[in-house]
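The structure appears right after this line, and notes come after that.
The values are calculated or read from the model by the stated rules, or taken from the named source; none is laboratory data. Bear in mind that the values here come from a model prediction, so they are computed numbers and not experimental data. Quick reminder, even Gly has a Cβ in these numbers, built from the backbone with ideal geometry, and neighbours come from all protein chains shown.
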């Protein structure tokens, strides 16, 4: 049995309203609110609200909250964005040093915003196979909002993005908040639909590019932004594949735990459009009262399902014995769901 001792989440206090976002994106505020489910998004400070630093903040808060000795941590699994403070950098090892987990080993998982469900599966599987892994810290941060081109209407599905982070402590034999099963789907037809072209190993920065950027501010602006090589095709394909893949990973997780989707007591879903969110619940036969939509948070990456869980706990929707589904999805495209049995398990 692998259980969650506790977890922490972080989002910046500063926010931007739909009306303010409308000015940046040229999308009417009522469209942002009613069709895209964005009333407000979080805004980072540009320095401290970066993936690794936010993950460290969450880990420190979690250690303070639980009173856990960092020297007793056996492994750190960083499941946030690898688009982080530096290129070619293992974020998890920095987290290890920052919190003083000198007896652990640390590594990074790259799975975009579907990282949380997969990280829980991997941590559970590794802890089950290797009994020396008693205490595992899973954490992550995301500031992919820096990559979004608000002037490109094709990127409107990413206008909901803002910074966020989480940390979670798993323990073998812990009889609370049991990690159950996971369903993962990767739909490879989308493998290169959302990419950052420049700055990678295929297109490194060159002197010619620097000269071009010096003479054209738009080229400078685009250097660090995402591109969509086939925006129209992606939109069409995603409209057809998104709901089946979301529902598919939930059904896969439920099948492995011998339950039905309508047995789920609470479902926390990565921020997608409100219509898509509630269409997913309808497809699965889950009542709308068994979820919380992140109207005032937007999409903060891997932390989204835990932000929803925060609200669910606060509103009394999650109780001891509740079956909780944490659902993530990320470009690539990847879809994942991990089930938990919340509270004490006797």
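Is it the case, given these coordinates, that residue 281 is touching a residue at least 24 places away in the same chain (Cβ under 8 Å), touching a helix residue (DSSP H, G or I) at 6+ places or on another chain (Cβ under 7 Å) and outside any strand (DSSP E or B)? Criteria not met by residue 281. Restricting to the stretch 1-41, name every residue that is under 30 Å from residue 135 (Cβ atoms) and outside any loop (DSSP other than H, G, I, E, B). Listed by number, the residues that qualify are 2, 3, 4, 5, 6, 7, 8, 9, 10.
Is it the case that some residue within the stretch 327-334 is under 18 Å from the mean Cα position of the chain (by Cα) and without any contact (Cβ under 8 Å) to a residue 40 or more places away in the chain?
Of the stretch 327-334, the ones under 18 Å from the mean Cα position of the chain (by Cα) are 327-334.
After this cut, where a residue has to be without any contact (Cβ under 8 Å) to a residue 40 or more places away in the chain as well, the list is none.
There is no residue in the stretch 327-334 that is under 18 Å from the mean Cα position of the chain (by Cα) and without any contact (Cβ under 8 Å) to a residue 40 or more places away in the chain.
Determine whether residue 239 is closer than 30 Å to residue 68 by Cβ and assigned to a helix (DSSP H, G or I). Against the criterion (closer than 30 Å to residue 68 by Cβ and assigned to a helix (DSSP H, G or I)), residue 239 does not qualify.
For the stretch 91-100, the criterion of a residue being in contact with a strand residue (DSSP E or B) (Cβ under 8 Å, 6 or more places away or on another chain), more than 13 Å from residue 137 (Cα to Cα) and in a loop (DSSP other than H, G, I, E, B) is satisfied by no position. Which condition number does residue 264 fail, the rest of (1) touching a strand residue (DSSP E or B) at 6+ places or on another chain (Cβ under 8 Å); (2) modelled with pLDDT under 95 being met? Single failed check for residue 264: (2).
Could you count how many residues in the stretch 259-278 are within 14 Å of residue 307 (Cβ to Cβ) and outside any helix (DSSP H, G or I)?
From the stretch 259-278, those within 14 Å of residue 307 (Cβ to Cβ) are 266-272, 277; that's our starting set.
Adding the requirement that they be outside any helix (DSSP H, G or I) leaves 266-272.
Counting residues in the stretch 259-278 that are within 14 Å of residue 307 (Cβ to Cβ) and outside any helix (DSSP H, G or I) gives 7.
Okay, residues lined up against (1) at positive phi; (2) in a loop (DSSP other than H, G, I, E, B); (3) outside the structural domain of residue 257 (by TED's automatic domain parsing); (4) surrounded by 16 or more Cβ atoms within 10 Å (Cβ to Cβ):
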| residue | (1), (2), (3), (4) |
| --- | --- |
| 106 | no, no, yes, yes |
| 114 | no, no, yes, yes |
| 124 | no, no, yes, yes |
| 154 | no, no, yes, no |
| 165 | no, no, yes, yes |
| 185 | no, no, no, yes |
| 200 | no, yes, yes, no |
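Residue 54: closer than 28 Å to residue 340 by Cα and assigned to a helix (DSSP H, G or I), yes or no? When the stated conditions are applied, residue 54 passes them. Out of curiosity, is residue 292 touching a residue at least 12 places away in the same chain (Cβ under 8 Å), closer than 22 Å to residue 7 by Cβ and out of contact with any strand residue (DSSP E or B) (no Cβ under 6 Å at 6 or more places or on another chain)? Answer is yes for this residue. Reported count of residues in the stretch 14-45, each being touching a helix residue (DSSP H, G or I) at 6+ places or on another chain (Cβ under 8 Å), under 17 Å from residue 148 (Cβ atoms) and exposed (fewer than 14 other Cβ atoms within 10 Å of the Cβ), is 1.
Looking only at the stretch 180-220, residues that are touching a helix residue (DSSP H, G or I) at 6+ places or on another chain (Cβ under 9 Å) and in contact (Cβ under 8 Å) with a residue 40 or more places away in the chain come to 14 in all.
Residue-by-condition table, conditions (1) surrounded by fewer than 20 Cβ atoms within 10 Å (Cβ to Cβ); (2) under 24 Å from residue 83 (Cβ atoms); (3) in contact with a helix residue (DSSP H, G or I) (Cβ under 7 Å, 6 or more places away or on another chain):
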{"site": "239", "(1), (2), (3)": "yes, no, no"}
{"site": "251", "(1), (2), (3)": "yes, no, yes"}
{"site": "303", "(1), (2), (3)": "no, yes, no"}
{"site": "345", "(1), (2), (3)": "yes, no, no"}
